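Down below is the structure, laid out as C-alpha coordinates.
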Amino acid sequence: MGAVAVIGAGVDGWALAGARVHDAGDDASVRQAWSSLEDDVSVVLLTEEAARVLSIELTATSWPLVVVMPP
(Lines give C-alpha, C1' and ligand atoms only; values in the text may rest on other atoms or scores of the structure.)
Protein backbone atom coordinates (compact mmCIF):
# COMPACT_ATOMS: atom_id res chain seq x y z
CA MET A 1 0.00 0.00 0.00
CA GLY A 2 1.33 3.42 -0.94
CA ALA A 3 1.96 6.36 1.30
CA VAL A 4 0.13 9.69 1.37
CA ALA A 5 2.05 12.97 1.30
CA VAL A 6 0.76 16.48 1.91
CA ILE A 7 2.49 19.58 0.53
CA GLY A 8 1.74 23.20 1.37
CA ALA A 9 1.67 25.79 4.10
CA GLY A 10 -0.01 24.92 7.38
CA VAL A 11 -0.44 21.20 6.76
CA ASP A 12 1.22 19.89 9.93
CA GLY A 13 -2.05 18.47 11.27
CA TRP A 14 -2.08 15.84 8.53
CA ALA A 15 0.76 14.05 10.32
CA LEU A 16 -1.80 12.90 12.90
CA ALA A 17 -3.45 10.88 10.13
CA GLY A 18 -0.14 9.28 9.17
CA ALA A 19 0.58 11.40 6.10
CA ARG A 20 4.09 12.49 5.23
CA VAL A 21 3.94 16.22 5.77
CA HIS A 22 5.96 18.73 3.77
CA ASP A 23 5.13 22.11 5.30
CA ALA A 24 6.14 24.37 2.43
CA GLY A 25 5.36 28.06 2.64
CA ASP A 26 7.13 29.38 -0.44
CA ASP A 27 7.58 28.39 -4.08
CA ALA A 28 11.07 26.97 -3.63
CA SER A 29 10.10 24.76 -0.69
CA VAL A 30 7.02 23.49 -2.56
CA ARG A 31 9.19 22.49 -5.52
CA GLN A 32 11.76 20.90 -3.19
CA ALA A 33 9.05 18.89 -1.43
CA TRP A 34 7.65 17.68 -4.78
CA SER A 35 11.05 16.63 -6.08
CA SER A 36 11.88 14.80 -2.86
CA LEU A 37 8.79 12.56 -2.84
CA GLU A 38 9.76 8.94 -2.31
CA ASP A 39 8.80 6.21 -4.76
CA ASP A 40 6.25 4.65 -2.40
CA VAL A 41 4.04 7.77 -2.35
CA SER A 42 0.79 7.02 -4.19
CA VAL A 43 -1.31 10.05 -3.28
CA VAL A 44 -0.31 13.68 -2.79
CA LEU A 45 -2.61 16.27 -1.27
CA LEU A 46 -1.74 19.84 -2.23
CA THR A 47 -2.93 23.14 -0.88
CA GLU A 48 -4.36 25.43 -3.52
CA GLU A 49 -1.19 27.54 -3.45
CA ALA A 50 1.10 24.51 -3.78
CA ALA A 51 -0.93 23.33 -6.77
CA ARG A 52 -0.48 26.73 -8.39
CA VAL A 53 3.29 26.52 -7.91
CA LEU A 54 3.41 22.99 -9.35
CA SER A 55 1.04 23.57 -12.27
CA ILE A 56 3.64 22.65 -14.91
CA GLU A 57 4.95 19.63 -13.00
CA LEU A 58 1.43 18.30 -12.49
CA THR A 59 0.61 18.31 -16.19
CA ALA A 60 3.77 16.38 -17.02
CA THR A 61 3.07 13.28 -14.91
CA SER A 62 0.41 10.70 -14.12
CA TRP A 63 2.17 9.61 -10.93
CA PRO A 64 1.25 10.05 -8.17
CA LEU A 65 -2.47 10.69 -7.86
CA VAL A 66 -2.79 14.38 -6.91
CA VAL A 67 -5.67 15.98 -5.02
CA VAL A 68 -5.98 19.73 -4.50
CA MET A 69 -7.60 20.67 -1.21
CA PRO A 70 -10.27 23.34 -1.25
CA PRO A 71 -9.43 26.62 0.52
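The values are calculated or read from the model by the stated rules, or taken from the named source; none is laboratory data. Only a predicted model underlies this, so the values are computations on that prediction, with no experimental measurement involved. Positions of Cβ are generated from backbone atoms using ideal geometry, with glycine treated the same way; all protein chains shown enter the neighbour counts. The accessibility values were calculated without ligands, DNA or RNA, using every heavy atom of the protein model including side chains. Shrake-Rupley method; radii C 1.70, N 1.55, O 1.52, S 1.80 Å.
Among the residues of the stretch 1-22, what is the count of those that are touching a Phe, Trp or Tyr at 6+ places or on another chain (Cβ under 6 Å) and closer than 11 Å to residue 50 by Cβ? Outline the logic, then answer.
If we filter the stretch 1-22 for residues that are touching a Phe, Trp or Tyr at 6+ places or on another chain (Cβ under 6 Å), which is where we start, we get 6, 21.
From what's left, closer than 11 Å to residue 50 by Cβ: 6.
The qualifying residues number 1.
Given the conditions (1) in contact (Cβ under 8 Å) with a residue 40 or more places away in the chain; (2) open to solvent by 50 Å² or more (accessible area, probe 1.4 Å), report the number of the one that residue 52 does not fulfil.
(1)
Give the residue that is surrounded by the most Cβ atoms within 10 Å (Cβ to Cβ), with candidates limited to residues of the stretch 20-37 that are of a type in the set (A, V, I, L, M) and part of a loop (DSSP other than H, G, I, E, B). Before the answer, list the steps.
Keep residues of the stretch 20-37 that are of a type in the set (A, V, I, L, M), which gives 21, 24, 28, 30, 33, 37.
After this cut, where a residue has to be part of a loop (DSSP other than H, G, I, E, B) as well, the list is 24, 37.
Details: 24: 24, 37: 16.
The residue in question is 24.
Is it the case that some residue within the stretch 38-46 is outside any strand (DSSP E or B), at pLDDT 95 or above, surrounded by 11 or more Cβ atoms within 10 Å (Cβ to Cβ) and on the phi < 0 side of the Ramachandran plot?
Looking for residues that are outside any strand (DSSP E or B), at pLDDT 95 or above, surrounded by 11 or more Cβ atoms within 10 Å (Cβ to Cβ) and on the phi < 0 side of the Ramachandran plot, one finds at least one in the stretch 38-46, hence yes.
Out of the stretch 55-71, which residues are touching a Ser or Thr at 6+ places or on another chain (Cβ under 9 Å) and surrounded by 13 or more Cβ atoms within 10 Å (Cβ to Cβ)?
So in the stretch 55-71, the residues touching a Ser or Thr at 6+ places or on another chain (Cβ under 9 Å) come out as 57, 63-65, 68-69, 71.
57, 64, 68, 69 - these are the residues of the stretch 55-71 that are touching a Ser or Thr at 6+ places or on another chain (Cβ under 9 Å) and surrounded by 13 or more Cβ atoms within 10 Å (Cβ to Cβ).
What pairs can you find where one residue is in the stretch 15-39 and among the polar types (S, T, N, Q), the other is in a loop (DSSP other than H, G, I, E, B), and their Cβ atoms are less than 8 Å apart, with a gap of 6+ or different chains?
32/24
Being in a loop (DSSP other than H, G, I, E, B) and touching a Lys or Arg at 6+ places or on another chain (Cβ under 9 Å) is the filter here, so list the residues in the stretch 47-71 that pass it.
Just the residues of the stretch 47-71 that are in a loop (DSSP other than H, G, I, E, B), to begin with: 47, 54, 60-64, 69-71.
Of everything in the stretch 47-71, just one residue is in a loop (DSSP other than H, G, I, E, B) and touching a Lys or Arg at 6+ places or on another chain (Cβ under 9 Å), namely 54.
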